[in-house]
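I have placed the structure first, in the form of structure tokens, so that the comments after it can refer back to it.
The values are calculated or read from the model by the stated rules, or taken from the named source; none is laboratory data. None of the values given here were measured: they were computed from a predicted structure. Cβ atoms come from the backbone with ideal geometry, glycine included; neighbour counts cover every protein chain shown. Please note that ligands, DNA and RNA were not included when accessible areas were found on the heavy atoms of the full protein model with its side chains. Shrake-Rupley method; radii C 1.70, N 1.55, O 1.52, S 1.80 Å.
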Amino acid sequence: DTGVSQDPRHKITKRGQNVTFRCDPISEHNRLYWYRQTLGQGPEFLTYFQNEAQLEKSRLLSDRFSAERPKGSFSTLEIQRTEQGDSAMYLCASSLENSRRAHEQFFGPGTRLTVL
Amino acid sequence: DQQVKQNSPSLSVQEGRISILNCDYTNSMFDYFLWYKKYPAEGPTFLISISSIKDKNEDGRFTVFLNKSAKHLSLHIVPSQPGDSAVYFCAARPGAQKLVFGQGTRLTINP
């Protein structure tokens, strides 16, 4: 069990550029979640996948954001035409459905995005 | 609408004493409550959880209490250690898969 990994750990970009983040969940976990955290706040839910199906999206996820999990393993989160307000820590988490601990989500280290 | 609230942004406790972190919620449909600990530049680490049908869960130095009538939960850490200094987040699951987080409380353990 190597835990949830995220890449890159830090990303600095200019306003208007596109960025893509990757998340690799714990290997046997079939659920994967994306959250966003800004300074002084707790993580806010963005979207979640069960296997390759995207089952819920927050209203925070504008049309500039898209997430995929094509083979039910790793996931990518893309932000198009970045804005300064997109600067935040983007967190990925995973969990295992139908287990005694299905409610527990395990988080990766996050990708810190800075939009200049 | 802030469904989960941690009203104390910070807490300072002497090493060896009890730390009590509090959390209030508004949604009666939450089925699980969780506490996470976060160090700078790291993701949140799961600490302990409690089902909405229980009123107490204990794991080593950590105990979570749930008071459903008051819509309040608390995390007790006994005894507090310097390594416990971190930001603690309360989270709740509204029957769906996402978690709803509070704003966090920064705990500082003083030697």
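How would you rank A:53-65, A:16-28, B:36-48, highest first, on the average number of other Cβ atoms within 10 Å across their residues? Walk me through the intermediate numbers first.
Working: A:53-65: 12.8, A:16-28: 15.9, B:36-48: 17.5.
Going by the mean number of other Cβ atoms within 10 Å, highest first, we get B:36-48, A:16-28, A:53-65.
How much length is gained if the chain between residue B:61 and residue B:8 is pulled fully straight, taking 0.36 nm per residue apart and subtracting their Cα-Cα distance, in nm to one decimal?
Numbers: separation 53, 0.36 × 53 = 19.08 nm, distance 2.13 nm.
Between residue B:61 and residue B:8, full extension yields an extra 16.9 nm.
Please report the antiparallel percentage of the DSSP beta bridges confined to the protein assembly as shown, to the nearest 5.
Expressed as a percentage, antiparallel bridges in the protein assembly as shown total about 90.
Treat every Asp and Glu Cβ in the protein assembly as shown as -1 and every Lys and Arg Cβ as +1, leave all other atoms uncharged, and give the resulting dipole magnitude about the Cα centre to the nearest 20 debye. Don't jump to the answer; show the numbers that get you there.
Numbers: 28 positive and 23 negative charges, 75 e Å.
So the dipole magnitude of the protein assembly as shown works out to roughly 360 debye.
Which of the peptides B:6-16, B:78-88 is most tightly packed, and how do the rest follow, judged by the mean count of other Cβ atoms within 10 Å per residue?
B:78-88, B:6-16
With the other protein chains left in place, how much accessible area per residue, in square angstrom, belongs to the stretch A:67-116 at a 1.4 angstrom probe?
43 Å²
Which semi-axes, in whole Å and largest first, does the equivalent ellipsoid of the protein assembly as shown have when worked out from the alpha carbon gyration tensor as the square roots of 5 times its eigenvalues?
Ellipsoid half-lengths, sorted descending, are 30, 20, 16 Å.
Could you provide, to the nearest whole Å², the per residue accessible area of chain B with probe 1.4 Å?
Spelled out: the 1.4 Å probe surface of chain B, per residue, equals 48 Å².
What does the extension gain come out to for residue B:72 and residue B:29, with contour length at 0.36 nm per residue minus their alpha carbon separation?
The residue B:72-residue B:29 span can extend by a further 14.1 nm.
Only protein chains counted, 1.4 angstrom probe. Which residues of the stretch A:34-57 are at least 50 Å² less accessible in the assembly than when their chain is isolated?
Residues passing the criterion (a loss of at least 50 Å², heavy atoms only) are A:43.
Tell me: how much accessible area in total is hidden between B and A, 1.4 Å probe, Å², nearest 100?
1700 Å²
So, with +1 on the Cβ of K and R and -1 on the Cβ of D and E, and no other charges, what is the size of the charge dipole of chain A about its Cα centre, to the nearest 20 debye?
340 debye
Kirkwood hydrodynamic radius for the stretch A:1-102: how many Å is it when counted over pairs of different Cα atoms?
Roughly 14.1 Å, rounded to one decimal.
At a 1.4 Å probe radius, carbon and sulfur cover how many percent of the accessible area of chain A?
On the way: 2600 of 6000 Å².
Result for chain A: 43 percent of the exposed heavy-atom area is carbon or sulfur.
I'd like the per residue volume of the convex hull spanned by the Cα atoms of chain B, given in cubic angstrom.
Details: hull volume 10.9 nm³, N = 111.
In chain B, the Cα convex hull volume per residue is 99 Å³.
Out of the total accessible area of chain B (probe 1.4 Å, heavy atoms of protein only), what percent is carbon and sulfur?
48 percent
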